[in-house]
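Comments concern the structure below.
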Amino acid sequence: MGHGAVCAFLTEGRAPEGARAGPGERRQVWAGRLESWRGLPYADLAFEGLSRLATDIPAEDLRRLTRAAYTPQIFNSEDIVPLRPLNDGLSLLGLSEGPTLAFKDMAMQFLGQVFEYVLTQRGTTLNIVGATSGDTGSAAEYALRGKHGVAVFMLSPHGRMSAFQRAQMYSLQDENIHNIAVRGVFDEAQDIVKALAGDLAFKAKYRLGAVNSINWARIAAQVVYYFHGWLRATDKPGQQVSFTVPSGNFGNILSGHIARGMGLPVRRLVLATNENNVLEEFFRTGIYRPRPAEQTYATSSPSMDISRASNFERFVFDLVGRDADRVKALWADMARDGFFDLSALKPQFEAQYGFVSGASSHEDRLATIRSLYDETGVLVDPHTADGVKVAREHVEPGVPMLVLETALPAKFSETIEAALGRPATPPGNLANLESLPQRVEVMDCDAAAVRRYIEAHAKV
């Protein structure tokens, strides 16, 4: 079980021929084995799930790593991921109890443990380069701050995140954390990350790795909470559950697709977008038409202000029969024509894979935040509100509908104030976050400038 294989599992993002890197086969979970997991603490469930996806990590080490990553102290909850009933057949799967109040902590806390484990074993260093639309960056930085042998270079779109999101990232003073705000949108920042990762000589010299959702290990860690949600929402074998997932980059819902493929009894995977509805348009029409930066709206659910989903290739790979050449051809079509058309396969979207979709607007978000709070006393952030709005359109009698809570409302207090007339209160330990000194490099959206900065600050 070589650590080189583990490190590739952790750091590889884009496969050279256009299909996303990842394990070739996903191990099925037998119904009996799934039932034996009822009542397991989250850390031990993570061990069971990840041992089927991260087979290069020795079992005793993997169990130690999951138990270090998923503790009540880190996640402020004995359950780690609480399940809260709402109304009208909906429940909230609480993925935002971690240190940065967003679902990205669920994978990043595991990755932080594993990166340090691998690098210590190998006696080497790694420079993480990523792009964030708001939550990936802070989750990665909080998981990796102070970790031995790791430096983080996180690109974010200048002026396009909430004040709280900016403060979470930019207030970190750890010497191994580097925030770079680029004058552009998330998709352009992600293009820079992909360009640097595609320069194999530069990648090798500076030992570049990825923590965006193009990183397979992050997707694998997220699969676990789908199993956890099913186990908490059901009481008998084979009972079906549906999940609604606010999604911009497709990584979160891709993990649900993988869980379903492993044998989890998932009825529907409901994809919810905001006004940047490229993914919703695909599942409604079969046509995938990414939009240029100037047509990517700045919305009140900013972490989903994405028009080119990095993980979408992985689903398309399954959709076309795991034919890498077909995927490569489709992306060539898109580069030439601006879109590709899989409408002939549209009947498979729901019938074979369970996918349905819907979109939400600013007015929908405000109305959903208000109505849910008035009816249940539960306050949700604008991204989760997008999910609740779309989930309500797809509830089926007798099938629990779990909405993935992707962030806590305190991260988007301006929108909460617009909905309710008062701001959201942050947790006590974060009450003064926005007043802390901030450290960030602002630069043009230029790969050469980012390259020079990494060369000057990388761990070598």
>> Within 10 Å, at most 16 other Cβ atoms, and a DSSP state outside H, G, I, E, B define an exposed site. Report the longest part of the chain free of exposed GluC sites (Glu not before Pro).
In response: 176-392
>> Using only the alpha-carbon atoms, what does the chain span along each of its principal axes? Please give whole angstrom values in decreasing order.
In response: 58, 50, 50
>> Run lengths n ≥ 4 of DSSP H only: what is the helix-derived mean residue ellipticity at 222 nm for the chain, with -39500 (n - 2.57) per run over all residues, to the nearest 500?
In response: -13000 deg cm²/dmol
>> Explain nothing, just the number: relative contact order of region 231-277, from Cα pairs under 8 Å at least 6 residues apart, as a whole percent.
In response: 47 percent
>> Relative contact order for the chain: what percent, with Cα pairs under 8 Å and sequence separation of 6 or more?
In response: 21 percent
>> Give me the dipole magnitude in Debye, nearest 20, for the chain about the Cα centre, with unit charges on the beta carbon: positive for Lys and Arg, negative for Asp and Glu.
In response: 940 debye
> Can you give me the pair-distance distribution of region 373-460, C-alpha pairs, 5 Å bins, whole percents?
Replying inline: 3, 10, 14, 14, 11, 10, 12, 11, 7, 5, 2, 0
> How long is region 209-305 along each principal axis, judged by its Cα atoms, biggest number first, in Å?
Replying inline: 49, 35, 25
>> Given an 8 Å cut-off on Cα distances and at least 6 residues of separation, report the relative contact order of region 347-398 as a percent.
In response: 35 percent
>> Using the Cα atoms of region 91-235, I'd like the radius of gyration and the largest Cα-Cα distance, Dmax, both in angstrom.
In response: 15.6, 53
>> Show me, bin by bin at 5 Å from 0, the whole-percent P(r) of region 130-198 based on Cα pairs.
In response: 3, 19, 30, 24, 17, 6, 1
> How much of the DSSP beta bridge set in the chain is antiparallel, as a percent to the nearest 5?
Replying inline: 20 percent
> Could you give the accessible area per residue of the chain, probe 1.4 Å, as a whole number in Å²?
Replying inline: 36 Å²
> Do the alpha carbons of any pairs in LYS104/LYS236; LYS203/LYS459; LYS205/LYS459; LYS205/LYS328 sit beyond 22 Å of each other, and which pairs?
Replying inline: LYS104/LYS236; LYS205/LYS328
> What FRET efficiency comes out for the pair SER361/ARG439, r = Cβ-Cβ distance, R0 = 35 Å, nearest 0.05?
Replying inline: 0.50
>> Run the numbers for ARG27 and GLN239: contour at 0.36 nm per residue of separation, minus the present Cα-Cα distance, in nm.
In response: 74.3 nm
>> Going Cα to Cα from LYS194, which aspartates and glutamates come in below 12 Å? Please leave out same-chain ones fewer than 8 positions away.
In response: GLU12
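The values are calculated or read from the model by the stated rules, or taken from the named source; none is laboratory data. What you are looking at is a predicted structure, and each value in this text was computed from that prediction instead of being measured. Ideal geometry is used to build each Cβ from the backbone, glycine not excepted, and the neighbour counts take in all protein chains shown. Just the protein is used for accessible areas: all its heavy atoms, side chains included, with ligands, DNA and RNA removed. Shrake-Rupley method; radii C 1.70, N 1.55, O 1.52, S 1.80 Å.
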